[in-house]
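The values are calculated or read from the model by the stated rules, or taken from the named source; none is laboratory data. Everything quoted here is computed from the prediction, not taken from an experiment. Neighbour counts are summed over all protein chains in view; Cβ atoms, including those assigned to glycine, are modelled from backbone coordinates with ideal geometry. Protein only, heavy atoms only, side chains kept; ligands, DNA and RNA dropped before computing areas. Shrake-Rupley method; radii C 1.70, N 1.55, O 1.52, S 1.80 Å.
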Amino acid sequence: MAWFLGLGITGVVLLALSLVFDGVLEGVLDGALDGALDGVLNGLSLPTVAGFLAMTGFAGAIAMGAAGAGPVAATAAGAVSGAGTGWLTYRFSRVLMDDRTALAPTGDDLVGTSGHVVTGIPADGYGEVLVRLAGQPVKFAARSAVPVALGAEVWVEAAPSATSVVVRQIDH
C-alpha cells in the first residue's frame, strides 16, 4: 500500500508544481525523444499525467486498504481510475484552452458612434466627450475643427489615440 500512496503523493506534488510553474516543467524533456512519440502524445499535458498518477496511486491504496484487494487487483483498479481521471483532465483542459473570449474594443470601434460633450471643446484645444464603447459610457479627450459647446451631441470621426477622439457636432 505504501507504493500506491507514494504514487498518489507524487502525482499531487507534480500537479502542484505544474500549476505553480505554469508550463515550465513541460519544456524540461522537450526534444528528449526527438519526435518519436509525435502524434501519440499530442496534447498530453503535465497536469493530465499528474492526475493519472495521483488517482492511480490513491485508488490502488483504497482498493488494498478498504476492499482488501491484492496487489494485482489494486493495480488494475488504480489504472482504470487513473485513466478515467487522466481523460477527464485532458478533456477539461482542452475545453479551457479552446475557450475564446470576445475581442476587446479598439479605437476603430469608436468611429461612427455618437456622444455628448461634457467639457466644452475649444477650436484650438481639447475638451471631453462621453461616448458608449461596448455598451459602457467612457469619457475621452476630444478635439474638433470648430468650437463645440457643453451638452452638444457629437459624432466621432477618428480615434488618434487610446484616450482621445476627433469629433464633429451633429446638427439637428
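Name the pairs: first residue in the range 149-172 and touching a residue at least 60 places away in the same chain (Cβ under 8 Å), second residue of a type in the set (Gly, Ala, Ser), Cβ to Cβ under 6 Å, at least 6 apart or on different chains?
none
Is it true that some residue in the range 20-32 is more than 13 Å from GLY82 (Cα to Cα), at pLDDT 75 or above and β-branched (Val, Ile, Thr)?
Within the range 20-32, one or more residues are more than 13 Å from GLY82 (Cα to Cα), at pLDDT 75 or above and β-branched (Val, Ile, Thr).
Pairs needed: first member in the range 68-82, farther than 13 Å from TRP3 by Cα; second member anywhere, of a type in the set (S, T, N, Q) and not in a loop (DSSP other than H, G, I, E, B); C-beta distance under 8 Å; at least 6 residues apart or different chains.
That search, which allows pairs on different chains as well, returns ALA79/THR56; SER81/THR56; GLY82/THR56.
Taking VAL129 as the residue in question, decide whether it is surrounded by 18 or more Cβ atoms within 10 Å (Cβ to Cβ), out of contact with any Pro (no Cβ under 8 Å at 6 or more places or on another chain) and either farther than 30 Å from ALA16 by Cβ or acidic (Asp, Glu) (or both).
On the way: surrounded by 18 or more Cβ atoms within 10 Å (Cβ to Cβ): yes; out of contact with any Pro (no Cβ under 8 Å at 6 or more places or on another chain): yes; either farther than 30 Å from ALA16 by Cβ or acidic (Asp, Glu) (or both): yes.
Taking the combined requirement at face value, the residue satisfies it.
Let's see how each residue does on (1) surrounded by 14 or more Cβ atoms within 10 Å (Cβ to Cβ); (2) within 34 Å of the chain's Cα centre (by Cα):
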{"residue": "GLY125", "(1), (2)": "no, no"}
{"residue": "PRO137", "(1), (2)": "no, yes"}
{"residue": "ARG143", "(1), (2)": "yes, no"}
{"residue": "PRO147", "(1), (2)": "yes, no"}
{"residue": "VAL154", "(1), (2)": "yes, no"}
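Going through VAL138, VAL131, VAL111 one at a time, which residue ends up being within 19 Å of VAL154 (Cα to Cα) and assigned to a loop (DSSP other than H, G, I, E, B)?
None of the others qualify; the one that does is VAL111.
Consider ARG168 carefully, then state whether it is closer than 11 Å to HIS116 by Cβ, open to solvent by 50 Å² or more (accessible area, probe 1.4 Å) and out of contact with any Leu (no Cβ under 7 Å at 6 or more places or on another chain).
So ARG168 does not fit the description; no.
Considering the range 76-108 alone, what residues qualify as being surrounded by 10 or more Cβ atoms within 10 Å (Cβ to Cβ) and assigned to a loop (DSSP other than H, G, I, E, B)?
PRO105, THR106 - these are the residues of the range 76-108 that are surrounded by 10 or more Cβ atoms within 10 Å (Cβ to Cβ) and assigned to a loop (DSSP other than H, G, I, E, B).
Hey, could you check the range 141-164 for residues that are among the small types (Gly, Ala, Ser) and part of a loop (DSSP other than H, G, I, E, B) and say which is nearest to THR113 (Cα to Cα)?
Here the answer is ALA159.
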